Amino acid sequence: MGVYLRALACHLPSGEVGNDALVALNPGWDAQGILNKTGIRSRRIAAPGETASDLAFTAADRLLRETPVDRGSIDALLFCTQSPDFYLPTSACLLQERLGLSQNCGALDFNLGCSGFTYGLWLAHGMIASGSCANVLLVLGDTYSKYCDPHDLPTVSIFGDAGAAVLISSSPEHSLARLGPTIVGTDGRGAENLIVRGGGARAPHGEMRLQMNGPEIFSFTLSAVKAGIGRLLGVMQIDWNEVDLFLLHQANRFMLENLRKSMKIPADRMPIDLEDTGNTVSASLPVLMRRAMDRNLLRDGQTCVLAGFGVGYSWAMTGLYWGREGSASQERGVG
């Protein structure tokens, strides 16, 4: 059975924090230096009281309004977030009601960050290939900015907020792409290197602040991403040169450029596009894809590799055959 990416929509919050604003809070920092190192000039930031589920709802509602699909036909809603509204109930249940989906729709959260989109594609693919679902709405949203210390350069200079949604279907009708295989990986030894210690059962009254060991994250990424993509290409039975586009989680420019050079991928086959969004965690890959669509970088007949990687450590790489089935004519914007 084929599994298809039928629609995609994204939402960026209206708030924006530029490098000059960070320097105003931290006079020793350099705005141009931040841009040169991270590739980020500004990042989109959720308003006080605006949650990840709010951003995700806007993206998902836009997708459902602009796609010829009955909301009652959605069999499952998967919501990837590390910024839930509450410890309980699951935010996916709140989104099911808010989006007007059927009470026969399954709904669950899964807690993954920068690998969340490709992990979500893996889950949705399995649900459809098994015959248990015909339409899965994969929704993503994170507001890491709420966990960032405004005086901690490695985190506050990188992370932005966003929401995204994709519809995964058993039907090729009006589809954008066909999903290929996904490979996944986990190395829990890296858990300490990107962590919010406070708020959970082990430290319920601790500080809800994001802590990141940048050098260790960088080392992990260089080894795991190249190996993971190589493993996926083996499953797809293709060579590196047969991939038209490598679409990677938009972590930061320094990391992505080093990855690109280590994998010997030409710049035109691995777009980097985070200058005015920042690293939007689980939503970064769909935002990158939407922008690639708008710029005609994604075209019929292309073979693509999607790579998500980060907190956990966790990683997942997915093959995508763009425009091979159905029509790629639908247009949706990033709001």
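Each reported figure results from applying straightforward, stated rules to the coordinates on display, with no laboratory input. Bear in mind that the values here come from a model prediction, so they are computed numbers and not experimental data. Neighbour counts run over all protein chains shown; Cβ positions are idealised from the backbone, glycine included.
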In Å, descending, principal axis extents of the Cα set of the stretch 177-322: 52, 32, 27
Rotationally averaged projected area of the stretch 1-68 (alpha carbon convex hull; nm²): 7.4
Viscosity 1.002 mPa s, temperature 20 °C, Stokes-Einstein D of the chain from Kirkwood C-alpha radius, µm²/s: 108
Positive-end extreme of charge dipole, the stretch 184-335 - chosen from Thr318, Leu245, Gly198 (charges on Cβ): Gly198
Size of charge dipole - the chain - debye, nearest 20, with Cβ of Lys, Arg +1 and Asp, Glu -1, no other charges: 520
The chain - share of DSSP beta bridges that are antiparallel (%, nearest 5): 70
Long-range amide H partners of Asn279 with built H, under 5 Å: Phe159, Gly160
Dmax and Rg, reported as Rg then Dmax, of the stretch 4-169 (C-alpha, Å): 17.5, 57
Where trypsin sites (Lys or Arg not before Pro) fall in DSSP loop in the stretch 162-201, at most 15 other Cβ within 10 Å: Arg197
Selection from Pro286, Pro13, Ala307 lying farthest towards where the dipole of the chain points positive, charges on Cβ: Ala307
Segment Lys37-Met208, extension gain: residue separation times 0.36 nm, minus the distance between their alpha carbons: 58.9 nm
Potential extension, Ala129-Arg98 segment - 0.36 nm per residue separation minus Cα distance: 8.4 nm
Bridge type composition, the stretch 177-322 - antiparallel percent by DSSP, nearest 5: 85
Charge dipole (debye, nearest 20) of the stretch 4-169; +1 at Cβ of Lys and Arg, -1 at Cβ of Asp and Glu: 340
Rounded to whole Hz, the Karplus (6.51, -1.76, 1.60) HN-Hα couplings of the stretch 229-236, x for glycine and proline: 5, x, 5, 4, 4, x, 5, 6
